[in-house]
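**Q** First, the structure itself, so that you have it in front of you.
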Amino acid sequence: MCVCRRPGHGPAKPAGVGTGTPRKDPKINWLTNAQITALHGETSVTGVTITDTRTGETSELAATGVFVAIGHDPRSELFRDQVATDSEGYVLTGHEVGATASTGTSIEGVFASGDVAAALGAADRVVAVRFHQGRQTHVPLEPRGCLASWLPGDETLTFWHSTQIPHPMRSALAARLGISESAVRVITPDVGGGFGQKIPLYREELATAAASRLLGRPVRWIETRRENLLAALHAREDIVAVRAAVKSDGTILGLDVQILTDFGAYAYFPANYMARVIGMLVPGAYRLRDYRYAITAVLTNKCPAGPYRAPMLICSWVTEGTIEAVARALGLDPVEVRRRNMITDSDLPYTTATQLIYRSVYPRDTLERALAMLDYQEARRQQAEARAAGRIVGIGIATYVEPNTYGSEFYKTAGIPGSGHDAAIVRIEPSGAVSAQIGVVSQGQGHLTTVAQALADALTVPIEKVRVQSGDTAAAPYGMGTRGARGGVVSAGAALGAVRIVKDKLLRIAAHLLEAPLDDLELVEGAVRVRGVPASSMTIGQLAQKAYLAPTELPVGMEPGLEATHAFDPPPLTFSSGTHICRVEIDPETCALAILQYTIVEECGRMLNPRIVEGQLHGAATQGLGGALLEEIVYGADGQNLSATLLDYAIPIAARVPPFEIEHLERPDPNTPLGMKGMAEGGVMGAAAAISNAVADALAPLGATAGRQPFTPERIAAALRTAGR
């Protein structure tokens, strides 16, 4: 692989990547794989000195001039045309990639299952459709911030940090500073939002820790909102081209998908992995055997990109938008196309074309329930009347399958270093109070409340007697942090595992003291009693007193105390599902869009706290709405970010958010404690796709297309002008 830069120039067009001999261009310095790796690990963005292994010369490499194309050699005319015609805000053209990329690139970019070529050849029709998702950023309620305090003499660092991953952050800080992990303590207090942006160790945070160590005094760094929009982390700039092989009745025979993703100046996360997740999930809720996807990841002179709540977001729009496009091309109802192709309960367990295994997921049930809630046939009748009156109205549907939880086996299978486990410590104090430390930290998800509920239920005590804490690496067990809609499942799973150990010990102490068989005991209302003999009982507090303060009265060989640590590794993946349906209207004069009705049906296993689940759904759907209608990071021709304030980067406000009609289907997952699943990202997937499909449905009768988010009034007006309206 080679990376090029153009010294002395501003934003340059990428010359691509290849393993062959580079072009003879005096303005280009070529780097090796090892040098690229060194660059990605560099903490400074101002530049790095690189030695050219071909010439032995050294040069200063400015981060703003680094470009690299990774993955599939995009030589097909379909993909080339899409990239080349996307000149607005995009610096990579198909001609440049075709001219410089060789066939043997460093990262495999093509996945195939079945025989896509045969499916395309056997199709009654091949439907081509293109999707372009605008570049976005996370906009957490509070920007990033940290306070580092190095204690000279003791040679330890205490680091207060707004992070999603305290323990991995401690490991990263220690490694970068060259000190022992035992000398680093990370404390994460209440965090105002993260959405994936607060996972990496950034240069500012490392510099703050290094400065404190150098000065021997506390150093604080707090990010401004402008800095956050400019340089924290971006996400989602993807272009996806699809060719769908279909029968005349709407049966999908195969999909050929090509994915281009702009990862910015360098990658905090493996760029091919992030794009690969999109490709893995495009089959979604549908039966599909012949499937192929190809990836091209590009590094440009933009702020780096990384995970953002539902990093695979565009896959739901691609899947559901393709269903809609097929229905329009064949003159069919999009609901009937969905029904013809969607997996049902009888298909389970179902292995997708990308080898994901669905065991407990029910998208068809959510679709049918959402259609009933909306009264779909009546909604279509009203739409026809409105169109006859000259109104621009649309109905958008999106059914999605949301992967979540991500156990260690997932990372192993994907070939990615990492773990999916998490841990908890549960202790019954001598007074009978219950305390717990969990490895997961919250940024508003309510993990502490959910875990407290689970523990209170397990021990049959009031929730007021349970205190759950997290966020201090000196107290909490090592955990992998909050990401991937895993927090609720792994934190509650770990805590329930620990409390089972404590409860077992509690019952054995009671059996010894009450002189009763263990099988005759029950835990009811905070007391252990002999079944059928309520008077023969001891409260948890009384048993805890014995456990801590009367060790000689315990069973022979039993250690004092009531405390346990448990690590829980969830299944490789759990899957939630849902359907979003919305009705929209576009003002023919201003092209402003109004959402008339919004319906959500969610299936996410057993809900421990329905209010928290609904809050997650509201927030996720609002973020999906923002990406579909408002949010876009825009760079000028000179490479300047033109979206560095909240005046320019528009996010949803309360007045723009419609009332959500929500219904839940509880289908417990048999492979997790209490049947739980993750669900924090599905709302984003559903909203972005449903709203986009509604816009496309509204514009289709006018001959206009809707292939690029966000669908601002300006962009809708441009689409109508292009259609001659």
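**Q** Taking the options Arg340, Arg359, Arg369, Arg309, name whichever one is of a type outside the set (S, T, N, Q) and in contact with a helix residue (DSSP H, G or I) (Cβ under 8 Å, 6 or more places away or on another chain).
**A** Just a single option satisfies the conditions, and that option is Arg309.
**Q** Within the bounds of the range 511-522, is there any residue that is at positive phi, of a type outside the set (Ser, Thr, Tyr) and outside the structural domain of Phe195 (by TED's automatic domain parsing)?
**A** Within the range 511-522, one or more residues are at positive phi, of a type outside the set (Ser, Thr, Tyr) and outside the structural domain of Phe195 (by TED's automatic domain parsing).
**Q** Residues of the range 501-538 being within 29 Å of Thr405 (Cβ to Cβ), touching a helix residue (DSSP H, G or I) at 6+ places or on another chain (Cβ under 9 Å) and touching a residue at least 60 places away in the same chain (Cβ under 8 Å), which ones?
**A** The answer is Val502, Leu523.
**Q** Of the residues Ile662, Ile653, only one is aliphatic (A, V, I, L, M) and in contact with a helix residue (DSSP H, G or I) (Cβ under 9 Å, 6 or more places away or on another chain); which?
**A** Every option except Ile662 fails the conditions.
**Q** Please go through the range 634-645 and pick out each residue that is surrounded by 14 or more Cβ atoms within 10 Å (Cβ to Cβ) and in contact with a helix residue (DSSP H, G or I) (Cβ under 8 Å, 6 or more places away or on another chain).
**A** Gly639, Asn641, Ser643, Ala644, listed by residue number.
**Q** I need every pair where a residue in the range 558-582 that is more than 30 Å from Gly284 (Cβ to Cβ) and touching a residue at least 24 places away in the same chain (Cβ under 8 Å) has its Cβ under 8 Å from the Cβ of a residue that is part of a loop (DSSP other than H, G, I, E, B) and not charged (D, E, K, R), sequence separation at least 6 or different chains.
**A** Filtered contacts from the range 558-582: Thr565/Pro477; Ala567/His421; Ala567/Pro477.
**Q** Yes or no: Leu448 outside the structural domain of Gly678 (by TED's automatic domain parsing), of a type in the set (A, V, I, L, M), in a helix (DSSP H, G or I) and closer than 18 Å to Gly193 by Cβ?
**A** Considered against the rule, which asks whether it is outside the structural domain of Gly678 (by TED's automatic domain parsing), of a type in the set (A, V, I, L, M), in a helix (DSSP H, G or I) and closer than 18 Å to Gly193 by Cβ, Leu448 comes out as yes.
**Q** State yes or no: is Ala275 small (Gly, Ala, Ser), in contact (Cβ under 8 Å) with a residue 24 or more places away in the chain and not in a helix (DSSP H, G or I)? Lay out the reasoning, then the answer.
**A** Details: small (Gly, Ala, Ser): yes; in contact (Cβ under 8 Å) with a residue 24 or more places away in the chain: yes; not in a helix (DSSP H, G or I): no.
No, not satisfied.
**Q** Test Gly493 against the stated conditions and say whether it is closer than 20 Å to Asp669 by Cβ and either of a type in the set (A, V, I, L, M) or touching a residue at least 12 places away in the same chain (Cβ under 8 Å) (or both).
**A** Numbers: closer than 20 Å to Asp669 by Cβ: yes; either of a type in the set (A, V, I, L, M) or touching a residue at least 12 places away in the same chain (Cβ under 8 Å) (or both): yes.
Yes.
**Q** Select from the range 260-272 the residues that are part of a loop (DSSP other than H, G, I, E, B) and at pLDDT 85 or above and write down the one among them that is nearest to Phe131 (Cα to Cα). Show your work before the answer.
**A** Initial filter on the range 260-272 (part of a loop (DSSP other than H, G, I, E, B)): 263-270.
Right, trim to at pLDDT 85 or above and you get 263-265.
Values: Phe263: 17, Gly264: 19, Ala265: 23 Å.
Ranking the candidates gives Phe263 first.
**Q** Might you let me know whether the range 662-671 holds any residue that is charged (D, E, K, R), surrounded by fewer than 23 Cβ atoms within 10 Å (Cβ to Cβ) and touching a His at 6+ places or on another chain (Cβ under 9 Å)?
**A** So far as the range 662-671 goes, no, none of its residues is charged (D, E, K, R), surrounded by fewer than 23 Cβ atoms within 10 Å (Cβ to Cβ) and touching a His at 6+ places or on another chain (Cβ under 9 Å).
**Q** Look through Gly541, Gly488 and report the one residue that is within 30 Å of Pro307 (Cβ to Cβ) and either assigned by TED's automatic domain parsing to the domain that holds Arg170 or touching a residue at least 40 places away in the same chain (Cβ under 8 Å) (or both).
**A** Numbers: Gly541 fails: within 30 Å of Pro307 (Cβ to Cβ).
On inspection, the qualifying residue turns out to be Gly488.
**Q** Residue under question is Leu367, and the condition is that it be assigned to a loop (DSSP other than H, G, I, E, B) and touching a residue at least 60 places away in the same chain (Cβ under 8 Å); does it hold?
**A** In short, no.
**Q** Hey, among the residues in the range 291-340 that are among the polar types (S, T, N, Q) and assigned to a loop (DSSP other than H, G, I, E, B), which one's nearest to Glu402 (Cα to Cα)?
**A** If we take residues in the range 291-340 being among the polar types (S, T, N, Q) and assigned to a loop (DSSP other than H, G, I, E, B), then Thr300 is nearest to Glu402 (Cα to Cα).
**Q** While we're here: Name the residues in the range 692-725 that are crowded, with 22+ Cβ neighbours inside 10 Å and touching a Cys at 6+ places or on another chain (Cβ under 8 Å), would you?
**A** Hits for the range 692-725 are Ala694, Ile716.
**Q** Answer with yes or no whether Asp457 is within 21 Å of Glu553 (Cα to Cα), without any contact (Cβ under 8 Å) to a residue 12 or more places away in the chain and surrounded by fewer than 23 Cβ atoms within 10 Å (Cβ to Cβ).
**A** So Asp457 does not fit the description; no.
**Q** Considering every residue within the range 184-197, establish whether at least one is outside any helix (DSSP H, G or I), more than 17 Å from Gln443 (Cβ to Cβ), at pLDDT 95 or above and of a type outside the set (A, V, I, L, M, F, W, C).
**A** Initially, the range 184-197 is screened for residues outside any helix (DSSP H, G or I), giving 184-197.
Imposing the further condition that a residue be more than 17 Å from Gln443 (Cβ to Cβ) reduces the set to 184-185.
If we keep only those that are at pLDDT 95 or above too, we end up with 184-185.
Those left that are additionally of a type outside the set (A, V, I, L, M, F, W, C): 185.
The answer is yes; a qualifying residue exists.
**Q** For the range 606-725, give me every one of the helices (runs of 4 or more DSSP H) that falls completely inside it and has 3 or more residues that are in contact with a Pro (Cβ under 7 Å, 6 or more places away or on another chain), of a type outside the set (Phe, Trp, Tyr) and more than 23 Å from Glu368 (Cα to Cα).
**A** Where helices (runs of 4 or more DSSP H) fall fully within the range 606-725 and carry at least 3 residues being in contact with a Pro (Cβ under 7 Å, 6 or more places away or on another chain), of a type outside the set (Phe, Trp, Tyr) and more than 23 Å from Glu368 (Cα to Cα), they are 610-629.
**Q** Any residue that is more than 18 Å from the chain's Cα centre (by Cα), assigned by TED's automatic domain parsing to the domain that holds Gly619 and free of Cβ contacts under 8 Å to residues at least 40 places away in the same chain - is there at least one of those in the range 426-442?
**A** No, there is no match, as no residue in the range 426-442 is more than 18 Å from the chain's Cα centre (by Cα), assigned by TED's automatic domain parsing to the domain that holds Gly619 and free of Cβ contacts under 8 Å to residues at least 40 places away in the same chain.
**Q** Same structure again: Let me spell it out: the conditions are (1) surrounded by fewer than 24 Cβ atoms within 10 Å (Cβ to Cβ); (2) closer than 20 Å to Ala433 by Cβ, and Ala492 meets all of them except one. Which number is the exception?
**A** If we test Ala492 against (1) surrounded by fewer than 24 Cβ atoms within 10 Å (Cβ to Cβ); (2) closer than 20 Å to Ala433 by Cβ, just (1) comes out false.
Let's see how each residue does on (1) crowded, with 23+ Cβ neighbours inside 10 Å; (2) in contact with a Cys (Cβ under 9 Å, 6 or more places away or on another chain):
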residue: Val246; (1), (2): yes, no
residue: Thr251; (1), (2): no, no
residue: Ile259; (1), (2): yes, no
residue: Ala267; (1), (2): no, no
residue: Val277; (1), (2): no, yes
residue: Tyr286; (1), (2): yes, no
residue: Thr300; (1), (2): yes, no
residue: Ala305; (1), (2): yes, no
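The values are calculated or read from the model by the stated rules, or taken from the named source; none is laboratory data. Note that the structure is predicted; figures quoted are calculated from it, not measured. Every residue, glycine as well, gets a Cβ built from its backbone with ideal geometry; the counts of neighbours run over all protein chains shown.
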